[in-house]
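Here's the structure, in structure tokens; my notes come after.
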Amino acid sequence: MDAFLAGMAILADPYMVGIILAGTVLGVIVGALPGLSGSTTAALLLPITITMSPVAGIAFLGAIYCAANFGGSITAILINTPGDPSASATAYDGYPMARRGEAGRALGMSTIASAIGGIFSVFVLIVAAPLLAKAAYSFGPPEYFALAIFGLSMLAAVGSSTGIKNLMVGAFGVLLATIGLDLMTGVDRFTFGVPELSEGLGLVPVLTGLFAISELLVQAGRLQIIPERLGLNAMKLPSMADYRKCAKAIGLSSVLGTFIGILPALGATTAALISYNETRRWSKYKDEFGKGSIEGIAGPEAANNAAVGGSMVPTLALGIPGSATTAIILAGLIVQGVRPGPHLFNEQPALLYAVFASMLASNLMYVVLGLFAAKLFARITLIPDAILWPGVLVFAIVGAYGPNQSLVDVWVMLGFGVIGYVMRRYGFSPAPLVMGLVLGTMVEETLKQSLLIFDHNWLLFFTRPIVVALFVVTALSVCAPWLARAIRGATKSARLRAAEK
Amino acid sequence: MTTRQLPSPTTTLAASTTEGGDETSTTAGPAPGRVHPDIVTGLVIIALCLAVWGVTLAFDDVPAAISTGMGPETFPRLVLGVIIALSCWLALTASNRCRPEIEAVHPMIYATAAALGGVMAAMAVFGIHGAVVASVIGIGRLWGERRLPLLATIAVGMSLSLHFAFVRGFGIGLPRGLLQTWLS
């Protein structure tokens, strides 16, 4: 309780409130800019957090993460272009509402639903993270190995066609994590004589390359596409009738979004898309979806913000990132000398509760910003690409160079920019690479430690119940898309046979 | 001029990933007489993995005294084996999937990639301020912004902001470049 109160006390510190406000405003601004997602911004601004205290740095990144998801809905509604991928489902009904002259009502519902989803998930985080950490307190290297493999396997759980590609990219990330000095033997691996690579690839250059530079190249090919911009007369709070209509959608999506966020690798985008479909399935007004349904905004917006708090649960309790953005927050914690995991809850509980408090504050701040300054934020989209993206490039260079003061890191960033572009071109998402890169070191270290414990007998993995349970869940999550397809096929053929009879 | 059209959430979900997207769209069924791009992709990745496997053969030998457990090459080879297996699966099951429509690379993408090289060259010689000018004015002009005074103002403003915010404010050093190092 003392730690909880100490954590919440940061909200009385004007400096911390200023940091959270700055993170929230930045998050809404970059969330509203098409192409610049919360993960890109967190990666670009990570070097700045080095100069802050651990609590301030993580509060800043946490606020950006919370606010960017909301910011994405502004452009999704007004110009049919989601500022953040997690707002893509919002555009489907938000833009038709804006075309009907109801942009203010759509943004009002987006703001309120986002805040409810976000605050709900922070409370789940406050309760669930310590419980999960307590459960994981007795975990040894074999359990962590199985957990990391489970985290990577979740990459396969989204769609059967992209699942295999996600797994390949995740494995590529694990391979990249092996670059540098092997800690057990001191042998250089894949460094090709470049001394700067001995400590491995920096996470920030890789992330800025994959997200910011590859997006810059994508935008270069889209300069001829001019979005249609709709006006926003005034923000309008949803009516009581709107609340009654959307209550079920917000409740269902908040729970669903938090749960999806807790699962490693599945982030806000997946939560929003699944919630959109579920909101439609359970709605009394299915016909309105796609034509400007207010439930179609409330559901995904509640879910994508609920996923934020959810994805922080495994990140803080286990050190397994719940999404690409939490992978960057994880990197931020490590840079600050804080190693996330169950021990953190005993060693630095005040820091954790400060993170929870900052996320709570950020969710409340963007309600005010969303309702009173959405018109201003909408104007950000008027910045021409020819001015915006060269500026992003400069910040990417500074972000990549900053942590190690190394030009090699800038070249790494450019290299991964091109790799990211090629990957996206051939249907490979760059996000799983981040998961692989972050979890790769853990996978290798815990595997080696486990084998030492087991005297190199791989079969002894199966003598530990938690490991076996995690391996079973891993196998299920890898096979889930194919199993689902097989079940659907069998059901369909059974129905056809029944119809023939 | 074209306006953006978004796919429906139902179709997006099938192609969605964690927090990113891809640049391809799909058409149902294989087109006759053309190799599925996933087969080519799978084979290219297998070839690359074999090349990386070759690199692991050149790792330094581990002294016998510390050669207990997994060697430095074992784990990377294990991962390469997984990628090769997944690539085989991707290529073998390609016919079950829709064929992605991969558009030709827009010439502006090549021009921008070349401009990125120019920005790096400017940074090597003139430091971060050279990179700012090359980026804001060079790429800005390339992307169609014709108001040179505006671009110049932004470049100067950004250079000053970076200096005062990062160097003076946060104490983070920025690339100096050969010229600046030589002059100081």
(request) Name the residue, out of A:135, A:156, A:129, that is buried (at least 24 other Cβ atoms within 10 Å of the Cβ), more than 10 Å from chain B (Cβ to nearest Cβ) and either touching a residue at least 60 places away in the same chain (Cβ under 8 Å) or not aromatic (Phe, Trp, Tyr) (or both). (result) A:129
(message) Considering only region A:384-397, I want to know if a residue exists there that is in a loop (DSSP other than H, G, I, E, B), modelled with pLDDT of 85 or more and among the aromatic types (Phe, Trp, Tyr).
(response) no
(request) Go through (1) modelled with pLDDT of 80 or more; (2) closer than 18 Å to residue A:294 by Cα; (3) buried (at least 24 other Cβ atoms within 10 Å of the Cβ) one by one and return the number of the condition residue A:104 breaks. (result) (3)
(request) Please work out if residue B:118 is at the interface with another protein chain (Cβ under 9 Å from one of its Cβ atoms) and of a type in the set (Gly, Ala, Ser). (result) no
(message) Out of everything in region A:412-439 that is more than 8 Å from chain B (Cβ to nearest Cβ) and of a type in the set (Gly, Ala, Ser), what residue ends up being nearest to residue B:97 (Cα to Cα)?
(response) A:420
(request) Kindly indicate whether any position in region A:53-68 is within 14 Å of chain B (Cβ to nearest Cβ), surrounded by fewer than 23 Cβ atoms within 10 Å (Cβ to Cβ), assigned to a helix (DSSP H, G or I) and modelled with pLDDT of 80 or more. (result) yes
(request) Among what's in region A:440-466 and is assigned to a loop (DSSP other than H, G, I, E, B) and away from chain B (no Cβ under 12 Å), pick the residue that is surrounded by the most Cβ atoms within 10 Å (Cβ to Cβ). (result) A:464
(message) Testing residue A:402 on (1) under 24 Å from the mean Cα position of the chain (by Cα); (2) under 27 Å from residue A:70 (Cβ atoms), one condition comes back false. Which one is that?
(response) (2)
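The values are calculated or read from the model by the stated rules, or taken from the named source; none is laboratory data. All of these numbers come straight from a predicted model, not from anything done at the bench. When we count neighbours, we look across all protein chains shown, and the Cβ atoms used for this are built from the backbone with ideal geometry, even at glycine.
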